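A.B. asks: Mind having a look at this structure? Questions to follow.
The values are calculated or read from the model by the stated rules, or taken from the named source; none is laboratory data. Small disclaimer: the values here were computed from a predicted structure and weren't measured. So basically every Cβ, Gly included, is an ideal-geometry build from the backbone, and we count neighbours across all protein chains shown.
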Amino acid sequence: MTRRGLEEALKRRAVERNGILLLRPRDALEIVRQARNNGIPVLGLDGFHLSEAGIQPDLGHSVDFSLSADTQRESWRHAEAFIEARMGQDLYFEVVLD
C-alpha cells in the first residue's frame with residue numbers, strides 16, 4: 001500500500017474536524033501498523049479531545065518523531081507504544097505520515 005492508500009484508509013476510519021482527520025486510538029494503532037508494513041515512516045502523533053464545541057489539541061498527548069534519525073527509523077515502534085499507553089483515554093489522534 002502506498003502513502004496515498006493509507007491516507008484513503010485514514011479517511012474511511014476518521015472523524016474530520018477543521019480539515020484534520022482524527023482517529024480513535026485503536027484505529028490510529030492500525031494505521032501505524034499498516035504504515036510499518038509498507039515502510040512509510042510516522043513523523044508524529046497529535047492528540048486531541050473532541051466535544052460538541054470543537055476540538056482541543058493536547059500537547060501532553062502529542063509526539064514528534066521527525067527530529068531524530070534514530071527515532072525516525074524506529075518511528076512505528078515508538079508510535080505503537082505511545083498510542084498503547086493511551087488506549088483507555090478519551091482521545092483522538094492525527095497520525096502524521098512521511
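A.B. asks: Quick check: anything in the stretch 26-45 charged (D, E, K, R), surrounded by 12 or more Cβ atoms within 10 Å (Cβ to Cβ), in contact (Cβ under 8 Å) with a residue 24 or more places away in the chain and not in a helix (DSSP H, G or I)?
C.D. replies: Checked against the condition, which is being charged (D, E, K, R), surrounded by 12 or more Cβ atoms within 10 Å (Cβ to Cβ), in contact (Cβ under 8 Å) with a residue 24 or more places away in the chain and not in a helix (DSSP H, G or I), the stretch 26-45 yields no hits at all.
A.B. asks: Continuing with this model, one more query. Go through the stretch 46-60 and report how many residues are surrounded by 13 or more Cβ atoms within 10 Å (Cβ to Cβ) and either touching a Lys or Arg at 6+ places or on another chain (Cβ under 6 Å) or of a type in the set (A, V, I, L, M, F, W, C) (or both). Steps first, please.
C.D. replies: Going through the stretch 46-60, the residues surrounded by 13 or more Cβ atoms within 10 Å (Cβ to Cβ) turn out to be 46-50, 55, 57-58.
Now narrow it down to the ones that are either touching a Lys or Arg at 6+ places or on another chain (Cβ under 6 Å) or of a type in the set (A, V, I, L, M, F, W, C) (or both): 48, 50, 55.
Adding up the residues that qualify gives 3.
A.B. asks: A further question follows. Those residues that are at pLDDT below 85 and out of contact with any helix residue (DSSP H, G or I) (no Cβ under 7 Å at 6 or more places or on another chain), I need them from the stretch 52-71; list them, please.
C.D. replies: If the condition is that a residue be at pLDDT below 85 and out of contact with any helix residue (DSSP H, G or I) (no Cβ under 7 Å at 6 or more places or on another chain), then L67, S68, A69, D70 are the ones that fit.
A.B. asks: Among the residues in the stretch 64-85, are any part of a loop (DSSP other than H, G, I, E, B) and touching a residue at least 40 places away in the same chain (Cβ under 8 Å)? Don't jump to the end; show me each part of the working.
C.D. replies: From the stretch 64-85, those part of a loop (DSSP other than H, G, I, E, B) are 65-68, 74, 85; that's our starting set.
With the extra rule that they be touching a residue at least 40 places away in the same chain (Cβ under 8 Å), the set shrinks to none.
No, the stretch 64-85 contains no residue that is part of a loop (DSSP other than H, G, I, E, B) and touching a residue at least 40 places away in the same chain (Cβ under 8 Å).
A.B. asks: Select from the stretch 1-25 the residues that are part of a loop (DSSP other than H, G, I, E, B) and more than 27 Å from E52 (Cβ to Cβ) and list them in ascending order.
C.D. replies: Scanning the stretch 1-25 gives M1, T2.
A.B. asks: Considering only the stretch 86-98, I want to know if a residue exists there that is part of a helix (DSSP H, G or I) and either crowded, with 18+ Cβ neighbours inside 10 Å or modelled with pLDDT under 90 (or both).
C.D. replies: No: zero hits.
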